[in-house]
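Only one structure is covered here, and it is reproduced in the block below.
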Amino acid sequence: MGKIFLTVLLGVLLMGGSARAAEDPFDYLPLVPSEKNYSGLGGKVQIRETMRPLPPEGSRQRVEMVRKIVYLNFPAKSITSTYSYDPATGNYSKESSTSAFSKSLYRYHPPLVRVHLPFRKGDKWEGEDGQNTIVDQVWGQVRITLPAGTFLCWVIRRKLTYDLISRRSTQFLYEYYAKDIGFVGEGGWSSTGKWHWSKKLLSYKMGSGQPAGVSR
């Protein structure tokens, strides 16, 4: 009986170790040089996103992300943002960002939490981006197919409350994070009840590897 109990206990511990290994935050947040190409709003928007590591600050790892955005026939705009990952809290946060419409640099105090890692269903966090309130919750996992491929993703349900001049407006979006790639898409329902992708991954290149996925 004692041997049976020991065998079962060892199996549980090994399974627990495997689960913890599978929950390595960098499975879904690879902080490596990368390039991603997205489209959105029915093909009206094209986004090229590049990321490069920055020198760490203490135990926090930091990256710089540059987004080049092209909307229809308007001139391209670029936005540069910095993010950090704090292993003590599990928070991947936005620290600063430039503007698409001016040379201003905005810093977030405290940094705006983008995701809390590792992902666990039901986890929730919130923050403020200017006058806008953001409440995020881990919704679960789904498999999606994008032009870049088919991915099993963790889904973050995002509630955005815009504090406009004359009224408050609320929008719900869903963000998708795939293993070894990170963020791959974002979508939601329009006022007509139709689903739309505000961003979906067309192609990507991680680290020093070759491009993956096929742009369409």
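The values are calculated or read from the model by the stated rules, or taken from the named source; none is laboratory data. Here the structure is a predicted model, which is why all the values come from computation and not from measurement. No Cβ is skipped: glycine too gets one built from the backbone with ideal geometry, and neighbour counts run over all protein chains shown.
Please work out if GLN131 is at pLDDT below 95 and among the polar types (S, T, N, Q). Reasoning before the result, please.
Numbers: at pLDDT below 95: yes; among the polar types (S, T, N, Q): yes.
Taking the combined requirement at face value, the residue satisfies it.
Which one of the conditions (1) without any contact (Cβ under 8 Å) to a residue 40 or more places away in the chain; (2) touching a strand residue (DSSP E or B) at 6+ places or on another chain (Cβ under 8 Å) does LYS194 fail to meet, given that it meets all the rest?
(2)
For the stretch 62-96, what are the residues that are free of Cβ contacts under 8 Å to residues at least 24 places away in the same chain, crowded, with 17+ Cβ neighbours inside 10 Å and either on the phi > 0 side of the Ramachandran plot or out of contact with any Pro (no Cβ under 9 Å at 6 or more places or on another chain) (or both)?
Once the filter is applied, which keeps residues that are free of Cβ contacts under 8 Å to residues at least 24 places away in the same chain, crowded, with 17+ Cβ neighbours inside 10 Å and either on the phi > 0 side of the Ramachandran plot or out of contact with any Pro (no Cβ under 9 Å at 6 or more places or on another chain) (or both), the stretch 62-96 yields MET65, ARG67, SER81.
Here's the yes/no breakdown for (1) surrounded by 15 or more Cβ atoms within 10 Å (Cβ to Cβ); (2) in contact (Cβ under 8 Å) with a residue 12 or more places away in the chain; (3) under 19 Å from TRP195 (Cβ atoms); (4) small (Gly, Ala, Ser):
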site	(1), (2), (3), (4)
GLY122	no, yes, no, yes
GLU128	no, yes, no, no
ASP136	yes, yes, no, no
TRP139	yes, yes, yes, no
ALA148	yes, yes, yes, yes
ARG158	yes, yes, yes, no
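Taking the conditions exactly as written (over 18 Å from LYS179 (Cα atoms), modelled with pLDDT of 90 or more, of a type in the set (A, V, I, L, M, F, W, C) and in contact with a Gly (Cβ under 7 Å, 6 or more places away or on another chain)), does VAL113 satisfy them or not?
Values: over 18 Å from LYS179 (Cα atoms): yes; modelled with pLDDT of 90 or more: yes; of a type in the set (A, V, I, L, M, F, W, C): yes; in contact with a Gly (Cβ under 7 Å, 6 or more places away or on another chain): yes.
Yes.
Restricting to the stretch 160-182, name every residue that is free of Cβ contacts under 8 Å to residues at least 12 places away in the same chain and polar (S, T, N, Q).
Here is the first cut: in the stretch 160-182, the residues free of Cβ contacts under 8 Å to residues at least 12 places away in the same chain are 164-170.
Of everything in the stretch 160-182, those that are free of Cβ contacts under 8 Å to residues at least 12 places away in the same chain and polar (S, T, N, Q) turn out to be SER166, SER169, THR170.
Take GLU49 and decide whether it is of a type outside the set (S, T, N, Q) and at pLDDT 95 or above.
Spelling it out, GLU49 is indeed of a type outside the set (S, T, N, Q) and at pLDDT 95 or above.
Which ones in the stretch 122-147 are within 18 Å of TYR92 (Cβ to Cβ) and among the charged types (D, E, K, R)? Walk me through it before giving the result.
Going through the stretch 122-147, the residues within 18 Å of TYR92 (Cβ to Cβ) turn out to be 123-129, 134-139.
Once the filter is applied, which keeps residues that are within 18 Å of TYR92 (Cβ to Cβ) and among the charged types (D, E, K, R), the stretch 122-147 yields ASP123, LYS124, GLU126, GLU128, ASP129, ASP136.
Under 7 Å between Cβ atoms, at least 6 apart or on separate chains: pull out the pairs that start in the stretch 107-119 with a residue that is over 14 Å from ALA88 (Cβ atoms) and end on any residue that is of a type in the set (Ser, Thr, Tyr) and outside any strand (DSSP E or B).
PHE119/TYR28
Given the criterion of a type outside the set (Asp, Glu), more than 26 Å from TRP154 (Cβ to Cβ), loosely packed, with under 15 Cβ neighbours inside 10 Å and touching a residue at least 12 places away in the same chain (Cβ under 8 Å), identify the matching residue among SER104, SER99, SER59. Reasoning before the result, please.
On the way: SER104 fails: touching a residue at least 12 places away in the same chain (Cβ under 8 Å); SER59 fails: more than 26 Å from TRP154 (Cβ to Cβ).
Sole residue among the options that is of a type outside the set (Asp, Glu), more than 26 Å from TRP154 (Cβ to Cβ), loosely packed, with under 15 Cβ neighbours inside 10 Å and touching a residue at least 12 places away in the same chain (Cβ under 8 Å): SER99.
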